[in-house]
Amino acid sequence: MNKKTETKKVVPQDIINKAFAKAIADGDIVNFRFLFLPYSPLREDSTEDIYSIKYSYLLPSEEEEETPRFKSALALVSREDIKEHIQKQLHKKGPPQLPAEPLLMLADNAVKQGKYTSASQAYELLRIRIKIQDLFFQQGEEELAKGNISNAVTAYRIASELEYDYGAFPEPLPAVPKYQEQALILHGEYREKWEECIGYLPIQAFLTEAFNYLFLSPEHASRILTKPVDVQIEFLVKLIQNLDPKWDKFVENVNKTIPLLQELYQDIKSRIERVAQGSLWEDEWDEGLDIEKYLAIPQILLGRKITPDEWWAYLKEIAYLHPASALFVARQLIGKEKEIILPRYDPNNPVAIKLSLPPLPTLYPEPHIN
Amino acid sequence: MSEELYINYFAILGLNEDSKAGDIRKNYKKMMKDLLLEIHNLSSLTPAQLDEYLLKMAMLNAGYYILRDDERRNNYLMHRKKVIELEKKWCEVAEKDPDSQEADRLRREYDRALQDFLTKYMEELVLEAGRDRECVETSNWDPFHERHASRVLRHYRQKLYSQIHERLPYYDVTKPQIDWDERKKIVASIVRKELSEDE
C-alpha cells in the first residue's frame, strides 16, 4: 500500500514579516489578529494561500514599503525575539498570545490615522486603554491651560473616541459615534415653544446639550462643562469644525432655505390672524398650508430628496453628514399631520455666530404656533 | 491583591461581616433615604448623574436584598471567597510558570468563576432586588429604573471585569513594558501634530 506523504507549505519569513508589518503600519487590529488565526494563510498547516489574489490586501505595495511607518514596523517584527514569538504562535495549537510591543505600535499608528476603534481594541487588549485615555484628557487640560483650543479639541476628541461600550451585548466593543440615532433622541419630543428649541436655549443649557450629544460619554462632556463659558464656546466651535470639515456646506444649505422660511412664517402668521378674526382653525391650518412647497425645506437642508419624505429620515441623514446640525434645527408642523425639519436657532447664540450660521426669519414678536 | 473590586455589599452598606439583621435594615434605610433626598434636591439630572444615581440605588437595594437573607448572604460570601482564592492560586502558579497547562487550567477556572460571580451579584440579584416588595417601597424603584438599570449594570459589570484584569497575569497578550513618561511624550506629539503623515 502506498503511504500518502503530507507536505506542509512553507511561508517565507520575509512574507510573514511584511504581512505583520503592514497590519501594524496600517493600525489594523482585525488583520493583525487574523494573521494568527487557525486558517491564517501564514500558517503552514492552513490550506489558505498567502499568494492568492484574495489575500493581496495583507501584503504591502511597493509604495507602502517605502514609508517610515512601514519600515519601523518591519524592523520591529524582524527583531529576533519578536520573530521567534510570532513563529511560536503560528505553530501553536490553541489561542495565540499576541506580542505586546507590535500591538502597542499598531495602537499608536491607529490613533495617528484616526482609526480609533482599532486603537481602542488594541489598547484594551494591552489593558492600558483607560490610562491612555487619561493621558489624552490630561494633554487636553494642558492645552486648554495654554489657550491652545484646537489642540485641546484634538486631545479630547481622541480620548473620547477611545471609549469602550462595556454595556454592549454580547461583549464589550469600542464605542462609536451614532449621531444619526442620537439626533432622533435629541428631537424625540416636539418642542412647542421656540424657547424650548435647542438653538434657543440659554447658553449654558445649550452647551450642556451640545457636549452631551457630541461626546461619546456624558462623563467626557462633564470634564469640559466645568470650564468657563467662554472657553466652552470656543471649544464647541472648534469641536464642531473638527468633527465636520464640511460644515460650510451645511451653512450654505441653511442660507438657501431662508426664502422658503420667510414664506412659511408669513403664511403661518396670516393664518393665525385670520383665525383670530373668526376663520376656522381646520380650514386655515389642517387644509390650508402648501405642504409640497414647504417639504422642500428639509430637502434643501440635506441637499437632496430622500424616501421616506419624513422629518425623522431627513434628521438622521443630516445628522450623519453634519453631526452638529442637530443642535441648530427643530421640528415644525406644517399641517395636520405633516412635520418637517427646519433650521432654528437664536440669532444671538454665540456658537451659531462663530460657526457662520446666518440670522433666520422668525415669528417673533408676533404670537406663534408651533 | 485588592479584594474591593469583587463587589463588597457589606462595605456598600457600611457594615461588618458579623453585622446583625437589624443593623443591615437600619443602614440600608438610612442610606437610601439620604440618597433619595440628595436626588430630590437636584433641579435636574445630567445623563451621567442619572447613571450614577441609578447604580447607587441598585447597589443599595441589592446589598440589602442579599445580606438580609441567610442563604443568599452565605452563598454570596462563599462565591466571593472562592473567586478570591482562585485568583490567588492562579497568580501563584502563573508567576512560577506562566506557560504551563496548570496555569492555563486555573486561568479558565478563575475566569468562569469570576464571570459567574459578577453576573449573579452584579446583575441578576440586583434586578431581582428591584422587584422585592420592601426594596421597592423604600427606594420607589419602578419599571423605568429597571429598564435603564439593565444597561447601566451591564456596563458597570464589564468595566469591573476589565479593571480586575488590569492587575492579573497576562495570557492573551505578552506583558507590555510601558514607559509612561515616553507615552506622555507620544501623546503630546500626536495632539500637537508634530509627526509627519507617514510617521
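The values are calculated or read from the model by the stated rules, or taken from the named source; none is laboratory data. Small disclaimer: the values here were computed from a predicted structure and weren't measured. Glycine also receives a Cβ, built like all others from the backbone with ideal geometry; neighbour counts cover every protein chain displayed. When the accessible area is computed, the model is the full protein with side chains, heavy atoms only, and any ligands, DNA or RNA have been set aside. Shrake-Rupley method; radii C 1.70, N 1.55, O 1.52, S 1.80 Å.
Couple of notes before you dig in:
- For residue A:361, the test of being open to solvent by 40 Å² or more (accessible area, probe 1.4 Å) and at pLDDT below 95 is failed.
- Which numbered condition residue A:152 fails, given (1) surrounded by 17 or more Cβ atoms within 10 Å (Cβ to Cβ); (2) more than 8 Å from chain B (Cβ to nearest Cβ); (3) farther than 29 Å from residue A:205 by Cα; (4) not hydroxyl-bearing (Ser, Thr, Tyr): (3)
- Residue B:163 modelled with pLDDT under 90, surrounded by 17 or more Cβ atoms within 10 Å (Cβ to Cβ) and not hydrophobic (A, V, I, L, M, F, W, C): no
- The numbered conditions (1) buried (at least 21 other Cβ atoms within 10 Å of the Cβ); (2) free of Cβ contacts under 8 Å to residues at least 40 places away in the same chain are all true for residue A:188 except (1).
- The selection criterion, being touching a residue at least 24 places away in the same chain (Cβ under 8 Å), of a type outside the set (Lys, Arg) and surrounded by fewer than 21 Cβ atoms within 10 Å (Cβ to Cβ), does not hold for residue A:219.
- Note on the stretch A:158-167: residues that are more than 10 Å from every other protein chain (Cβ to nearest Cβ) and either within 17 Å of residue A:105 (Cα to Cα) or part of a helix (DSSP H, G or I) (or both) amount to 3.
- The set of residues from the stretch B:127-153 being open to solvent by 60 Å² or more (accessible area, probe 1.4 Å) and within 9 Å of chain A (Cβ to nearest Cβ) comprises just one member, B:151.
- Residue within the stretch A:177-186 that is aromatic (Phe, Trp, Tyr), within 20 Å of residue A:29 (Cβ to Cβ) and either more than 13 Å from chain B (Cβ to nearest Cβ) or under 20 Å from the mean Cα position of the chain (by Cα) (or both) present: no
- Qualifying residue in the stretch A:20-33 (condition: out of contact with any Lys or Arg (no Cβ under 7 Å at 6 or more places or on another chain), within 12 Å of chain B (Cβ to nearest Cβ) and open to solvent by 50 Å² or more (accessible area, probe 1.4 Å)): yes
- Among the residues of the stretch A:232-247, those that are open to solvent by 40 Å² or more (accessible area, probe 1.4 Å) and either among the charged types (D, E, K, R) or assigned to a helix (DSSP H, G or I) (or both) comprise A:234, A:238, A:241, A:242, A:246.
- Residue in the stretch A:120-139 that is open to solvent by less than 60 Å² (accessible area, probe 1.4 Å), more than 11 Å from chain B (Cβ to nearest Cβ) and not polar (S, T, N, Q) present: no
- When every residue of the stretch A:91-98 is checked against the conditions, at least one turns out to be over 22 Å from the mean Cα position of the chain (by Cα) and at positive phi.
- Here the condition is being open to solvent by 60 Å² or more (accessible area, probe 1.4 Å), at pLDDT 95 or above, within 12 Å of another protein chain (Cβ to nearest Cβ) and over 16 Å from residue A:240 (Cα atoms); of A:171, A:142, it holds for A:142 alone.
- Number of the condition not met by residue A:309 [criteria: (1) open to solvent by less than 40 Å² (accessible area, probe 1.4 Å); (2) at pLDDT 90 or above; (3) over 22 Å from the mean Cα position of the chain (by Cα)]: (2)
- Failed item, numbered, when residue A:170 is tested on (1) part of a loop (DSSP other than H, G, I, E, B); (2) touching a helix residue (DSSP H, G or I) at 6+ places or on another chain (Cβ under 9 Å): (2)
- Checklist (1) outside any helix (DSSP H, G or I); (2) crowded, with 20+ Cβ neighbours inside 10 Å; (3) within 14 Å of chain A (Cβ to nearest Cβ); (4) not basic (Lys, Arg) applied to residue B:122, failing item: (1)
- Test: residue in the stretch B:23-40 that is open to solvent by 60 Å² or more (accessible area, probe 1.4 Å) and among the hydrophobic types (A, V, I, L, M, F, W, C): yes
- Among residues of the stretch B:177-189, those that are open to solvent by 20 Å² or more (accessible area, probe 1.4 Å) and either facing chain A (nearest Cβ under 7 Å) or of a type in the set (D, E, K, R) (or both), counted: 7
- Applying the criterion of being more than 10 Å from chain B (Cβ to nearest Cβ) and in contact with a helix residue (DSSP H, G or I) (Cβ under 6 Å, 6 or more places away or on another chain) to the residues of the stretch A:77-101, the residue that is surrounded by the fewest Cβ atoms within 10 Å (Cβ to Cβ) is A:78.
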